[in-house]
Amino acid sequence: MASVGGSSKDTLTLNLYPMLDIFSILICFLLMSFSSDPVSHDVDAGVELPESSTIVALDEVPTIVVTKTEIRVNDKKVADIQAGDVPEKERTQGAIYPVFDELKKLADATKRLSKNIRTDDPNAKGSTGALTMEMDKGHRFKLMKRIMLSAQQAEFVQFKLMVQKELH
Amino acid sequence: MSRKKKRHRIDYKEIELNIMPFIDIFSMLNTFLLFTAVFLSVGVLEVQIPFLSNSPPPDDPKDSRVFQLSVDVTKDQVEVQTSYTRPPEQLQKFPFPNNPEGRKLLHQKLSDVRKKNADTDKATVYSDDDVNWESLSAVLDSVMLRIESDPVFPPVKDAKNKDRAELDAKTFLYPKIVMGSVMLK
């Protein structure tokens, strides 16, 4: 009696070559787009960066992250953002006190550490260095100015403002 | 006399290449690359803010007349102002609309200004409070970054790191940007 599946001599082979082709193409694409930047950082989900044609790569993880709803310093939430600004109780002379407070601690620690480094540059000793900031593109300069003022009071005067590199 | 050719018959065996280890490696590599891939390329714009210092300005005699450049940014307009620190100040203003076309013209103007004053590599940017970061970053792009049609200006003479200064000269039109409006009330 003949079986439903046909003759038992027939062998089925799965053709794996198309899958291999897809894998090869995918690997080529991933290797080509593999980031060679010194720091690989995933942009916060609540932040949309503005586009820029800069070629200067990000070289450190951002210290200040300004999402649509909050300000974080070293991943610690320090202030809320309501209607594009911080609440009045947290402002002092145009600056944001909790941001200043957190950055002051950071500046003191950085200065202590940089005093002990061996370098030919006399300005590098005891300096606070640059502050990297990741900010949503929809925020107004008013908020950026408040954060910069807070940082200025904590002796940070150089900023690296994160942007999204334009695709060419 | 006939000579019979003796034919050797070669028996080919079916050889199958085992591609399973190959697929395994590809799968592992794919997984690793997909997990570690960063599809958004992030860059930075370096700026500084004014600060008060007790130290005297280096090599800046009181009677020197220095060229200075500032850029005023509002929601609708970007204005370039050029002047000198000592009289006659020769203040000149060049307004441009704050849109992509206007920013192209702004860059062209700044490039012309830099050609005439190659030693001045600093621009002070003043921004209104209601300008959003997206618009401001586009203006900073136009002010800071060199495009292919711009000439390469000589690097800063007294730079501590000469390699960095040379790279900056190739990358930037104005490498030093000061956010002038960041001052305490």
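Bear in mind that the values in this text are calculations on the coordinates, not laboratory data. Given the structure is predicted, the values throughout are model-derived calculations rather than measurements. Every residue, glycine as well, gets a Cβ built from its backbone with ideal geometry; the counts of neighbours run over all protein chains shown.
Results, tabulated for the structure shown:
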{"read-out": "Radius 14 Å from Cβ of B:GLN92, net charge of other residues (Lys, Arg +1; Asp, Glu -1)", "value": "-1"}
{"read-out": "The range B:91-185: GluC sites (Glu not before Pro) falling in loop per DSSP and having at most 13 other Cβ within 10 Å", "value": "B:GLU148"}
{"read-out": "Semi-axis lengths, Å, the range A:51-165, gyration tensor of Cα atoms, sqrt of 5 times eigenvalues", "value": "25, 19, 11"}
{"read-out": "Trypsin sites (Lys or Arg not before Pro) within the range B:71-116, DSSP loop, no more than 13 other Cβ atoms inside 10 Å", "value": "B:LYS75"}
{"read-out": "In Hz, Karplus ³J(HN,Hα) per residue of the range A:13-21 (6.51, -1.76, 1.60; θ = phi - 60°; x = Gly, Pro)", "value": "10, 7, 7, 8, 5, x, 5, 4, 4"}
{"read-out": "19 Å Cα-Cα threshold exceeded, pairs from A:LYS111/B:LYS162; B:LYS116/B:LYS176; B:LYS93/B:LYS115; A:LYS137/B:LYS104", "value": "A:LYS111/B:LYS162; A:LYS137/B:LYS104"}
{"read-out": "Antiparallel bridges, percent of DSSP beta bridges restricted to the range A:41-168 (to nearest 5)", "value": "55 percent"}
{"read-out": "Virtual spin-label span in nm between B:LEU40 and A:ILE27, 7 Å along Cα→Cβ", "value": "3.0 nm"}
{"read-out": "Residue order, fewest to most surrounding Cβ atoms within 10 angstrom, among B:ARG146, A:ARG112", "value": "A:ARG112, B:ARG146"}
{"read-out": "Cα centre as origin, Lys/Arg/Asp/Glu Cβ charges: the range B:67-179 dipole, Debye", "value": "540 debye"}
{"read-out": "The range B:132-180 and the range A:41-112: distance between their alpha carbon centers, rounded to Å", "value": "25 Å"}
{"read-out": "Neighbour net charge for B:THR124 - beta-carbon separation under 11 angstrom, K R +1, D E -1", "value": "+1"}
{"read-out": "Burial ordering of B:SER149, A:SER52, fewest other beta-carbon atoms within 10 Å first", "value": "B:SER149, A:SER52"}
{"read-out": "Cut-off 18 Å (backbone N to label point 7 Å along Cα→Cβ of B:LYS162), residues of the range B:117-156", "value": "B:153-156"}
